[in-house]
């Protein structure tokens, strides 16, 4: 991952129709290629501290150095994704970054008055979405500074360099 730690690495959208969103980002905006993950295994999910079980699929692609994430939720479990759509919102759902020290950054957000809206583990690495709706109008996601995320983001970033438009949608390896 060539983006420095503690910088905004990702811009994410929750969508109703993944195919339509992918078509727009690829064919209108020229982002890609996108790597898809169907029914992502999110462990230890907590929605404002309560257990939940959101079933989501995602697509990750780059536009230059910025990663674009598209998310669709398949069930009615409580989540920050469902809240967003139920509120009739469209547009940016969250920005994401990887701090140098996840635990210290987590505590810094708590100290500044942000509530953890959605917490989970992906491949054993923690993720948190802080509720920043009143301050910036969307959530802020933090990823643990972990190889699980670094390897995935480097794969997506490298595929976008000199991308010739072929195979615009690909399954995430592994």
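Laboratory data are not the source of any read-out in this text; all were calculated from the coordinates shown. None of these values were measured; they are calculated from a predicted model. Positions of Cβ are generated from backbone atoms using ideal geometry, with glycine treated the same way; all protein chains shown enter the neighbour counts.
The C-alpha atoms of the chain define a longest principal axis, and helix 102-111 lies at about 50 degrees to it.
Compared with the dominant principal axis of the Cα atoms in the chain, helix 147-160 is inclined by about 30°. Sorted largest first, the spans of the alpha carbon positions of the chain along the three principal axes are 45, 34, 30 Å. Of interest is the spacing of the C-alpha centroids, which for segment 23-102 and segment 143-160 amounts to 15 Å. Each of the peptides 116-123, 145-152, 43-50 was scored by the mean count of other Cβ atoms within 10 Å over its residues; in descending order, highest first, they stand as 116-123, 145-152, 43-50. Using a/c under 1.5 as the rounded threshold, could you call segment 69-158 rounded, prolate or oblate? The axes a ≥ b ≥ c are square roots of the C-alpha gyration tensor eigenvalues, and prolate needs a/b larger than b/c, oblate otherwise. Because a/c hits 1.5 or more and a/b fails to exceed b/c, segment 69-158 counts as oblate. Taking the inverse of the mean reciprocal distance over all distinct Cα pairs, the Kirkwood hydrodynamic radius of segment 42-86 comes to 11.8 Å.
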